[in-house]
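Enquirer: Dumping the structure here so I can ask a few things about it.
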Amino acid sequence: MANNLNLKAPLLFLAGLVLLSSCKNHETIAPSPLPACGQAVLSGYTNNTSYFPGDEMAVYLQSTKSLSCGLNIYDINGRVAFTSNTTLFPQVIGNDHPWQAGFDYAVSGKIKIPSTLASGVYLIENQVAFIVKSSGAETITVVYPSNTINAYDGQGGKSLYNFNSSDNKPSPIVSFHRPVDNPEEQVDFCTGCFKWIPTLNLKINYVADIDLEEPSSFSQSKLLVIAGHSEYWTRKARLNFDRFVNAGGHVLILSGNSMWWQVRYPPTKDALICYRSAQLDPESDVTLKTVNWTDPTLQLDIVSSIGADFNHGGFGLQTDNGWDGFKIRNPASPLLAGLNLKKGDIVSLPSGEYDGAPLAGFDADGFPILDNNSLKFEKAELIGFDKGTRGGQETIATFIVFQKSKTSGVIVNTGANGWCSLSAGIGSASAGPRLQVITRNAINRLLKGESCFSQ
């Protein structure tokens, strides 16, 4: 994301994560005989970001007092998925650089993930999120934006950004072993989609960003869904993404400002590294420098993977020239089926940041034309567009569908970080119904192998 994002943005991911999981068919756990921990849990973190059913999870919890109690772990419906006994006590940060080295809390307890717990995102006492991955081959894999959340987390004194870092100086390394800023704050960038997608009653595998480094975490799915605001990608994740698409896997991107920064993990996998400068980054391999993916030295530009980038799309809420949504360029798109839209109609979608595809110009009616000479895709179609700004210049945000080659998968890229918003996107009362129809159309057609192109 761009550097002037509102501080609340990354915090909003976790607010609704009680709403981000499915609990079908998990084993019944007898209620704890101990009193519920409840509000005694102030914050905390887990030893990993994601787990398989049956794994053991270490938890590090901050408490108002010392007590033995039963932790409630909640599912998508706000119900208790299971309970685990633990011992709580006030914690003390154990090092001088907690934003980088982690809080170094003492372990509060170890929780066995039920072996039949469905894949999803769960919350320990509505405070601490963790992802449960599928142990089987599901038709859809949905990616939880854990890297972006960590990048903006200012707990311990610093984030990757100056606006919420001590002395206005960010850290190039931020630990996953920290609580997340104010998880009780409500909505936004990914919650709407995570609440809604399970209503489709499809088998879904949820993974964290870090899991994309292992291709088996999603390679058996027909469809990969990038939801919310997927800004920080490692090189391994990028290469695995491209291999998935080139092998025929389909992708639905419900995100904007996607794949913007290259990041790395340390060997321990417990922190996110992003220097934002080739000169400051001590990494000797220039292709692993933590800079924008648009930097040619990385040899892996964003547009070649997802057809659009932030430089072309820009900021969506800092201009009066756009429509706070997509003006429809191609109403014949099967992705718009059932909406009875006409060319020039507006699909409301206020978005702070957009991605945009390269353009060849504009037609006689002022509608943009994709530059497929630059894209060099087998097929590419512009469905809608908005106007934005970037560096004082007007930009064009794009909602596109494309296929890189005759044998590759199809990518539907909405290019908007507001698509999954509860307040303005798929979860909102005004825009939500239309966005749900479009998203459902995309998922159904991609899963069935039906064309997503109008011609």
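The values are calculated or read from the model by the stated rules, or taken from the named source; none is laboratory data. Since we're looking at a predicted model, the values are computed, not measured. Ideal geometry is used to build each Cβ from the backbone, glycine not excepted, and the neighbour counts take in all protein chains shown.
Enquirer: How many residues are out of contact with any helix residue (DSSP H, G or I) (no Cβ under 7 Å at 6 or more places or on another chain) and β-branched (Val, Ile, Thr) when one looks only at the stretch 217-270?
Expert: The qualifying residues number 4.
Enquirer: Another one. When LEU42 is evaluated against the numbered criteria (1) surrounded by 17 or more Cβ atoms within 10 Å (Cβ to Cβ); (2) not in a loop (DSSP other than H, G, I, E, B), which criterion, by number, is the only one it fails?
Expert: Unmet for LEU42, out of (1) surrounded by 17 or more Cβ atoms within 10 Å (Cβ to Cβ); (2) not in a loop (DSSP other than H, G, I, E, B): (1).
Enquirer: Looking at the stretch 56-78, which of its residues are β-branched (Val, Ile, Thr) and at pLDDT below 95?
Expert: Residues satisfying the conditions are THR64, ILE76.
Enquirer: Among (1) over 20 Å from TRP260 (Cβ atoms); (2) without any contact (Cβ under 8 Å) to a residue 60 or more places away in the chain; (3) within 24 Å of the chain's Cα centre (by Cα), where does LYS404 come up short?
Expert: For LYS404, the exception is condition (2).
Enquirer: Restricting to the stretch 90-120, name every residue that is surrounded by 18 or more Cβ atoms within 10 Å (Cβ to Cβ) and outside any helix (DSSP H, G or I). Break it down stepwise before answering.
Expert: In the first step, residues of the stretch 90-120 are kept if they are surrounded by 18 or more Cβ atoms within 10 Å (Cβ to Cβ); the result is 91, 98-103, 105, 108, 111, 113-114, 117-120.
Across the stretch 90-120, the qualifying residues are GLN91, GLY102, PHE103, TYR105, SER108, ILE111, ILE113, PRO114, LEU117, ALA118, SER119, GLY120.
Enquirer: How many residues are under 24 Å from the mean Cα position of the chain (by Cα), of a type outside the set (A, V, I, L, M) and either modelled with pLDDT under 95 or within 13 Å of TYR45 (Cβ to Cβ) (or both) when one looks only at the stretch 100-118?
Expert: 1
Enquirer: Would you be able to say whether some residue in the stretch 399-417 is assigned to a helix (DSSP H, G or I), small (Gly, Ala, Ser) and either touching a Leu at 6+ places or on another chain (Cβ under 6 Å) or buried (at least 24 other Cβ atoms within 10 Å of the Cβ) (or both)?
Expert: Scanning the stretch 399-417, I find no residue that is assigned to a helix (DSSP H, G or I), small (Gly, Ala, Ser) and either touching a Leu at 6+ places or on another chain (Cβ under 6 Å) or buried (at least 24 other Cβ atoms within 10 Å of the Cβ) (or both), so the answer is no.
Enquirer: Something else now. Tell me, which residue of the stretch 61-80 that is in contact with a helix residue (DSSP H, G or I) (Cβ under 9 Å, 6 or more places away or on another chain) and among the small types (Gly, Ala, Ser) is nearest to HIS177 (Cα to Cα)?
Expert: SER63
Enquirer: Quick one: how many residues across the stretch 306-356 are charged (D, E, K, R) and surrounded by fewer than 22 Cβ atoms within 10 Å (Cβ to Cβ)? Step through it out loud before you land on a result.
Expert: Applying the first criterion (charged (D, E, K, R)) to the stretch 306-356 yields 309, 320, 324, 327, 329, 342-343, 345, 353, 355.
This time we only want the ones that are surrounded by fewer than 22 Cβ atoms within 10 Å (Cβ to Cβ), so: 320, 324, 327, 342-343, 345.
Of the residues in that region, 6 qualify.
Enquirer: Being at pLDDT below 85 and closer than 26 Å to THR234 by Cβ is the filter; apply it to the stretch 184-217 and report the residue that is surrounded by the most Cβ atoms within 10 Å (Cβ to Cβ).
Expert: CYS190
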